[in-house]
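Participant: Handing you this structure, nothing more for now.
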Amino acid sequence: MKQKMKKRMFTVFLAVCSILALGLASGTEAFAATAKFKIGYSCNNFNDTFQTYIVDAARAAAVEAGVDLEVLDAQEDDIRQQDQVNNLIQNGVDALIVVPVNTGSVQPIIKAAADAKKPLVFVNRNPYPSGGMPENVYFTGADSILEGSSQMEYAGKLMGGKGNICILMGILSNEGALGRTAGIEQTVQEKFPDIKILAKETGNWQRDQGLNITENWLTAYGEQINAILSNNDEMALGAIMALENAGRQDVLVFGNDAIPDALAAIKSGKLGGTVLQDPVAQGKGSLEITVKILNGEKVEQLQKLPADVINKDNINNQ
């Protein structure tokens, strides 16, 4: 039953993404491999709901391209992920796609791919946000700082440029969590001098931790909290649950990712907005880039997606 529900939600999500007409510029083109390539994919964690959408899109794209895709779960263990990459190489994959567990410790993965002369495509989490990506290494995904900035700009306008916020952060070893938080903080400093950050804490991308942290914030700060900005939708939805349990309807909540549950929460008025990260574009894009490289085509090393805010005003009329 859970699997059927997940597939149904994913189908709805695909339809929403089509309506919004967002994604990689080349994402709508048909593409096919010139040979029966085998590609290895190491995901940071299948327990991360957003990552399952990326994986599903990559699998669908692999079928479209006519390649074999072997997907493995690193379970948030960077040593396990390094071992997976080495095993995939030993098993004869032609290229690698990796969602890094820890963007700060990818050097062993890069070295293994370089030594084996295998193209390496990072997806969703960019180990080189400031540039300097090594040869034969690529990235497709969002600009994390821009995501945080877009989220804060929209939240700041709804808050009238004043008030207090709390920030729910993802896993601190992830570039996405650091970048989105930095984008929020920079935007507060540059554009909203009358908004104060009361607290920030990591909820490790998980809904239940978002709930628990928000409960603690409500105890500590009470009526001072005007908005909660979350690095992802799962933690934002947890925050909403905590606010509902406390009978608080005066706190704005904002997420990031645009997962199906978040889109439903926007429609019902519970979530103030979310930033579209488009897992379909990322999953399909990572596979398409990899196939093009293996086909001998020239590909840009860095391919970033837009960071558009979805809210009640545009969710149905884009």
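The values are calculated or read from the model by the stated rules, or taken from the named source; none is laboratory data. Keep in mind that what you see is a predicted model, and the values were worked out from it rather than measured. Heads up, the Cβs are rebuilt from the backbone with ideal geometry, glycines too, and the neighbour counts pull from every protein chain shown. We work out accessible area using only protein heavy atoms, side chains counted, and drop any ligands, DNA or RNA first. Shrake-Rupley method; radii C 1.70, N 1.55, O 1.52, S 1.80 Å.
Participant: Can you give the longest run of the chain that contains no GluC sites (Glu not before Pro) sitting in a DSSP loop with at most 11 other Cβ atoms inside 10 Å?
Facilitator: Working: sites that count: GLU29, GLU135, GLU297, GLU300.
With GluC sites (Glu not before Pro) excluded where exposed in loops, the chain gives 136-296 as its longest stretch.
Participant: Have a look at the DSSP beta bridges in the chain and tell me what percent are antiparallel, nearest 5.
Facilitator: On the way: 2 of 42 bridges.
Counting only bridges with both partners in the chain, antiparallel ones make up about 5 percent.
Participant: Dipole of segment 61-111, Cα-centred, from +1 at each Lys and Arg C-beta and -1 at each Asp and Glu C-beta, to the nearest 20 debye?
Facilitator: Dipole of segment 61-111, to the nearest 20 debye: 220 debye.
Participant: So with the 1.4 Å probe, I'd like the accessible area per residue for the chain, rounded to whole Å².
Facilitator: Numbers: 13600 Å² over 318 residues.
Result: 43 Å² of accessible area for each residue.
Participant: Another question, then. Under a straight-distance cross-link criterion of Cα-Cα below 16 Å, which aspartates and glutamates are reachable from LYS267, leaving out those fewer than 8 residues away in the same chain?
Facilitator: ASP233, ASP257, ASP313
Participant: Report relative contact order for the chain in percent, whole number only (criteria: Cα-Cα under 8 Å, sequence separation at least 6).
Facilitator: Relative contact order comes out at 22 percent.
Participant: Next question, about the same structure. Among the listed pairs LYS200/LYS312; LYS270/LYS304; LYS38/LYS304; LYS196/LYS304; LYS38/LYS117; LYS162/LYS304, give every one whose C-alpha distance is greater than 21 Å. Intermediate values should be presented prior to the final figure.
Facilitator: Details: LYS200/LYS312 26 Å; LYS270/LYS304 29 Å; LYS38/LYS304 25 Å; LYS196/LYS304 30 Å; LYS38/LYS117 14 Å; LYS162/LYS304 31 Å.
Exceeds cut-off: LYS200/LYS312; LYS270/LYS304; LYS38/LYS304; LYS196/LYS304; LYS162/LYS304.
Participant: Which trypsin sites (Lys or Arg not before Pro) in segment 59-123 pass both tests, a DSSP loop state and at most 15 other beta-carbon atoms within 10 Å? Each step should come with its number before you reach the end.
Facilitator: Working: sites: ARG59, ARG80, LYS111, LYS117; in loops: LYS117.
Qualifying residues, ordered by number: LYS117.
Participant: Report the local net charge at PHE37: Lys and Arg +1, Asp and Glu -1, summed over other residues whose C-beta lies under 14 Å from its C-beta.
Facilitator: Numbers: positive: LYS36, LYS38, LYS118, LYS292; negative: GLU64, ASP68, GLU70, ASP94, GLU288, GLU297.
So the surrounding residues net to -2.
Participant: Count charges around LEU271 for me, please; just the other residues with Cβ under 11 Å from its Cβ, Lys/Arg as +1, Asp/Glu as -1. Present the calculation step by step, with values, prior to reporting the outcome.
Facilitator: On the way: positive: LYS267, LYS270, LYS312; negative: ASP233, ASP261.
With Lys, Arg at +1 and Asp, Glu at -1, the neighbours total +1.
Participant: A further question on this structure: Using DSSP H assignments, which helices in the chain have an axial alpha-carbon span of 24 Å or above and a mean Kyte-Doolittle hydropathy of -0.5 or higher? Before the final figure, lay out the partial values.
Facilitator: Values: long enough: 2-20 (27 Å, 0.48); 49-65 (25 Å, 0.52).
Helices passing the filter in the chain: 2-20, 49-65.
Participant: Starting from the Cα gyration tensor of segment 36-113, take the square roots of the eigenvalues, sort them a ≥ b ≥ c, and report rounded, prolate or oblate (rounded when a/c is under 1.5, otherwise prolate if a/b is larger than b/c, else oblate).
Facilitator: Details: a/c = 2.26, a/b = 1.18, b/c = 1.92.
Oblate, since a/c reaches 1.5 and b/c is not below a/b.
Participant: Further, regarding this structure: Mind jotting down the distance between the C-alpha centroids of segment 165-198 and segment 274-318, whole Å?
Facilitator: Taking the Cα centre of segment 165-198 as reference, the centre of segment 274-318 is 23 Å away.
Participant: Rounded, prolate or oblate: pick one for segment 164-211, where a ≥ b ≥ c are the square roots of the eigenvalues of its C-alpha gyration tensor, a/c under 1.5 means rounded, and failing that, prolate if a/b is larger than b/c, else oblate.
Facilitator: Working: a/c = 3.57, a/b = 1.57, b/c = 2.27.
Oblate shape, in that a/c is at least 1.5 and b/c is the bigger or equal ratio.
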